[in-house]
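Chemist: Supplied in structure tokens, the structure appears directly below.
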Amino acid sequence: MEIYESRGLSRADASFIVGRLLAKPKRALDTFVRDEIGLSAKTMGSPIAAAVGSLLAFALGASVPLAPFLLLSGAAAFALTIAATLAALFLVGLGVSRLTHRQPVRSGLRQAALGLLASRCDLWDGALLGDRGFTD
């Protein structure tokens, strides 16, 4: 009722509309999702498009740390992998700052720091499992 009252309807009119909507639960749910959350079938993307987009994003993200090993080997490839991954994480943080309206450099540094923390956790997991013979 608050939604309709905020749009200028009287309490009685808002109550009438809400009563009519609640008579059919699916219609009430669709209306609530559209009015309260701002989603509708027209604004929602295709689940297949979302899946393909996710696949491509993961593939692109995974290629960043692997690409240096296609060109180089050893310590040089490892160093370039770290640099390229941190740069990519920083760029992702810059992109996120455009969506969240936060300070870009801080967002980029935050994303890179979180990536470093995640990689450190992976190293700890590997060391823990490696000591127990799971990586043989």
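The values are calculated or read from the model by the stated rules, or taken from the named source; none is laboratory data. What you see is a predicted model, and the numbers here were worked out from it, not measured in a lab. Neighbour counts are summed over all protein chains in view; Cβ atoms, including those assigned to glycine, are modelled from backbone coordinates with ideal geometry. Each accessible area value is taken on the protein alone, full model and side chains, heavy atoms only, with ligands, DNA and RNA left out. Shrake-Rupley method; radii C 1.70, N 1.55, O 1.52, S 1.80 Å.
Chemist: Among the candidates Ala59, Ala28, Ala49, which residue alone is part of a helix (DSSP H, G or I), over 25 Å from Ala118 (Cα atoms) and under 18 Å from the mean Cα position of the chain (by Cα)?
Modeler: The unique qualifying residue is Ala49.
Chemist: Kindly indicate whether Val96 is at pLDDT 95 or above, farther than 30 Å from Arg7 by Cβ and not polar (S, T, N, Q).
Modeler: No, not satisfied.
Chemist: Sticking with this structure for a sec: Looking at region 50-74, I want the residues that are under 11 Å from Ala84 (Cβ atoms) and have a partner that is at pLDDT below 95 and of a type in the set (Lys, Arg) with Cβ atoms under 6 Å, at least 6 apart or on another chain. Which pairs are those?
Modeler: none
Chemist: Please go through region 1-36 and pick out each residue that is open to solvent by less than 60 Å² (accessible area, probe 1.4 Å) and of a type in the set (A, V, I, L, M).
Modeler: Scanning region 1-36 gives Ile3, Ala14, Ile17, Val18, Leu21, Ala28, Val33.
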